[in-house]
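Before any comments, here is the structure.
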Amino acid sequence: MSKLWKDYCRNYWVKDQFIKPYHSNQNPAERMMSPQKEKLSRLMIQSGCEPQAWFRAACHVADINNHTANSSIEYRTPLEVRDGEMPDISSLVEHESWDLVYFQDPTANFPSQGGNERLGRWLGRASDYGDKMAYFILDLDTQQMLVRSMV
């Protein structure tokens, strides 16, 4: 442990504890992440998601978890506890992870053969972009991840 880290822990009263390598049962954070890892694994198997998209799939699992009621917080959602109001789930029920979707290509010339739509994979909500109905889309032609609301 560096002096900088020790100073940080001392300033913020953070207790440090070391665990043995490969003994995740000793780490309370690992025990809390176990159900999330299981859900992620199930999602990737059921959807046929490519391994390269694991991060977006993990974000989608976390997003669903934050919108799901939990008995430990009196059957309220984590977002409801944080914000004080019931979250809108409409952006989560429209598509499933790794669905084939058509999205609008704003760079397409008008008129063009086939219109201005392209085929992609739905990767989840883009909650930090635009409105609540913005999504991450994997463009199948360019293999780039885009943010689109016209899906």
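No value in this document is a laboratory result; all are computed from the given coordinates. All figures in this text were calculated on a predicted structure; none of them were measured in a lab. Backbone-built Cβ (ideal geometry, glycine too); neighbour counts: all protein chains shown.
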Quiz item: Which lysines, on any chain, are close to Lys3 with Cα under 30 Å apart, when same-chain ones fewer than 8 places away are left out?
Solution: Lys15, Lys20
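If you take the Cα atoms of segment 107-147, find Rg, then find the Kirkwood Rh from the mean of 1/r over all pairs, what is Rg/Rh? Please report the intermediate quantities before stating the final value.
On the way: Rg = 11.8 Å, Rh = 11.4 Å.
Ratio of gyration radius to Kirkwood radius: 1.04.
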Exercise. Select from Asp105, Asp83, Asp63 the residue whose mean-square fluctuation is largest in a Gaussian network model of the chain (Cα-Cα springs shorter than 10 Å).
Key: Asp83
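Looking at segment 10-95, which GluC sites (Glu not before Pro) are in a loop (DSSP not H, G, I, E or B) and have at most 15 other Cβ atoms within 10 Å?
Working: sites: Glu30, Glu38, Glu74, Glu80, Glu85, Glu94; in loops: Glu74, Glu85, Glu94.
Taking segment 10-95 and a limit of 15 other Cβ atoms within 10 Å, the loop GluC sites (Glu not before Pro) found are Glu74, Glu85, Glu94.
When Rg is the radius of gyration of the Cα atoms in the chain and Rh is its Kirkwood radius, what does Rg/Rh come to? Show your work: numbers first, answer last.
Working: Rg = 20.3 Å, Rh = 18.6 Å.
A ratio of 1.09.
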Exercise. With springs only between Cα atoms under 10 Å apart, run a GNM on the chain and tell me which of Trp98, Trp54, Trp13 wobbles the most.
Key: Trp13
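Using 1/(1 + (r/R0)^6) with R0 = 41 angstrom and r between the beta carbons of Ser72 and Tyr8, what's the FRET efficiency to the nearest 0.05?
It comes out at approximately 0.85.
Could you list Val93, Val81, Val147 in order of exposure, starting from the residue whose Cβ has the fewest other Cβ atoms within 10 Å?
Working: Val93 8, Val81 11, Val147 14.
The order, fewest Cβ neighbours first, is Val93, Val81, Val147.
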Quiz item: How many angstrom lie between the C-alpha centres of segment 57-124 and segment 10-48?
Solution: 25
Exercise. Give me the lysines in straight-line cross-link reach of Lys132: C-alpha distance below 18 Å, same-chain residues under 8 apart excluded.
Key: none
